[in-house]
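Here the structure is laid out as C-alpha coordinates; the discussion comes afterwards.
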Amino acid sequence: MLFRSKLKRIGRKKKPFYHIIAIEKLSYINGKYIEKLGYFDPIKKYDMTNINIKRINYWVSKGADISERVKNIIKKYNKNDI
(Lines give C-alpha, C1' and ligand atoms only; values in the text may rest on other atoms or scores of the structure.)
Protein backbone atom coordinates (compact mmCIF):
# COMPACT_ATOMS: atom_id res chain seq x y z
CA MET A 1 0.00 0.00 0.00
CA LEU A 2 1.34 3.43 -0.90
CA PHE A 3 0.76 6.37 1.38
CA ARG A 4 1.00 10.11 0.95
CA SER A 5 0.86 13.12 3.24
CA LYS A 6 -1.50 15.78 1.83
CA LEU A 7 -3.55 18.82 2.73
CA LYS A 8 -7.30 18.39 3.07
CA ARG A 9 -9.31 21.60 2.81
CA ILE A 10 -12.08 21.94 5.37
CA GLY A 11 -12.60 25.72 5.43
CA ARG A 12 -15.45 27.83 4.15
CA LYS A 13 -15.57 29.81 0.93
CA LYS A 14 -12.69 32.36 0.86
CA LYS A 15 -11.57 31.20 4.34
CA PRO A 16 -9.37 28.16 3.79
CA PHE A 17 -8.27 25.88 6.62
CA TYR A 18 -6.40 22.63 6.04
CA HIS A 19 -5.80 19.37 7.87
CA ILE A 20 -2.49 17.64 7.17
CA ILE A 21 -3.41 13.99 6.69
CA ALA A 22 -1.95 10.58 5.86
CA ILE A 23 -3.96 8.94 3.10
CA GLU A 24 -3.64 6.11 0.59
CA LYS A 25 -1.92 7.44 -2.52
CA LEU A 26 -4.67 6.39 -4.90
CA SER A 27 -7.55 7.69 -2.77
CA TYR A 28 -9.39 10.84 -3.63
CA ILE A 29 -8.42 13.82 -1.42
CA ASN A 30 -11.87 13.98 0.21
CA GLY A 31 -11.91 10.25 0.87
CA LYS A 32 -11.38 8.64 4.24
CA TYR A 33 -7.92 9.36 5.57
CA ILE A 34 -5.83 7.16 7.85
CA GLU A 35 -4.54 9.71 10.35
CA LYS A 36 -4.64 13.45 10.98
CA LEU A 37 -1.08 14.75 11.38
CA GLY A 38 -1.76 18.41 12.07
CA TYR A 39 -3.46 21.52 10.72
CA PHE A 40 -2.58 24.69 8.83
CA ASP A 41 -4.34 28.06 8.61
CA PRO A 42 -2.96 30.09 5.64
CA ILE A 43 -4.91 33.21 6.63
CA LYS A 44 -3.02 33.52 9.92
CA LYS A 45 0.16 32.12 8.31
CA TYR A 46 2.23 30.13 10.79
CA ASP A 47 0.72 31.30 14.06
CA MET A 48 -2.01 28.69 13.57
CA THR A 49 0.08 25.71 12.52
CA ASN A 50 0.30 22.50 14.50
CA ILE A 51 2.25 19.56 13.10
CA ASN A 52 3.04 16.23 14.75
CA ILE A 53 6.60 15.74 13.43
CA LYS A 54 7.01 12.34 15.13
CA ARG A 55 4.02 10.91 13.27
CA ILE A 56 5.16 12.40 9.96
CA ASN A 57 8.56 10.76 10.47
CA TYR A 58 6.77 7.48 11.24
CA TRP A 59 4.83 7.61 7.97
CA VAL A 60 7.96 8.53 6.01
CA SER A 61 9.71 5.48 7.54
CA LYS A 62 6.79 3.37 6.26
CA GLY A 63 7.40 4.70 2.74
CA ALA A 64 4.97 7.61 2.58
CA ASP A 65 5.56 10.51 0.20
CA ILE A 66 5.10 14.09 1.34
CA SER A 67 3.53 16.64 -1.00
CA GLU A 68 5.55 19.73 -1.87
CA ARG A 69 3.17 22.06 -0.07
CA VAL A 70 3.41 20.03 3.15
CA LYS A 71 7.23 19.99 2.88
CA ASN A 72 7.26 23.79 2.65
CA ILE A 73 4.92 24.12 5.64
CA ILE A 74 7.12 21.80 7.72
CA LYS A 75 10.25 23.80 6.85
CA LYS A 76 8.66 27.10 7.87
CA TYR A 77 7.13 25.53 10.98
CA ASN A 78 10.54 24.29 12.14
CA LYS A 79 12.11 27.73 11.60
CA ASN A 80 9.48 29.31 13.85
CA ASP A 81 10.24 26.85 16.67
CA ILE A 82 13.94 27.76 16.79
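Accessible area per residue for the chain is 70 Å², calculated with a 1.4 Å probe on protein heavy atoms, without ligands, DNA or RNA. Estimated from helical segments only, the mean residue ellipticity of the chain at 222 nm is -8500 deg cm²/dmol, where each DSSP H run of four or more residues counts as -39500 (n - 2.57). Candidates Ser27, Ile56, Pro42 compared by Cα position along the dipole of the chain: farthest toward the positive end lies Pro42, with charges placed on Cβ.
The longest stretch of the chain left intact once loop-based trypsin sites (Lys or Arg not before Pro) with at most 16 other Cβ atoms within 10 Å are removed from consideration, loops following DSSP, is 63-82.
Longest exposed-loop-site-free stretch of the chain, with chymotrypsin sites (Phe, Trp or Tyr not before Pro), DSSP loop and at most 15 other Cβ within 10 Å? With chymotrypsin sites (Phe, Trp or Tyr not before Pro) excluded where exposed in loops, the chain gives 47-82 as its longest stretch. Once the Cβ-Cβ distance of Lys8 and Tyr58 is raised to the sixth power relative to R0 = 22 Å, the FRET efficiency obtained is 0.70.
The values are calculated or read from the model by the stated rules, or taken from the named source; none is laboratory data. Treat the numbers as computed from the prediction; the structure is a model and nothing was measured. Positions of Cβ are backbone-derived with ideal geometry, glycine not excepted, and every protein chain shown enters the neighbour counts. The protein model used for the area step is the full one, side chains on, heavy atoms only, and it has no ligands, DNA or RNA in it. Shrake-Rupley method; radii C 1.70, N 1.55, O 1.52, S 1.80 Å.
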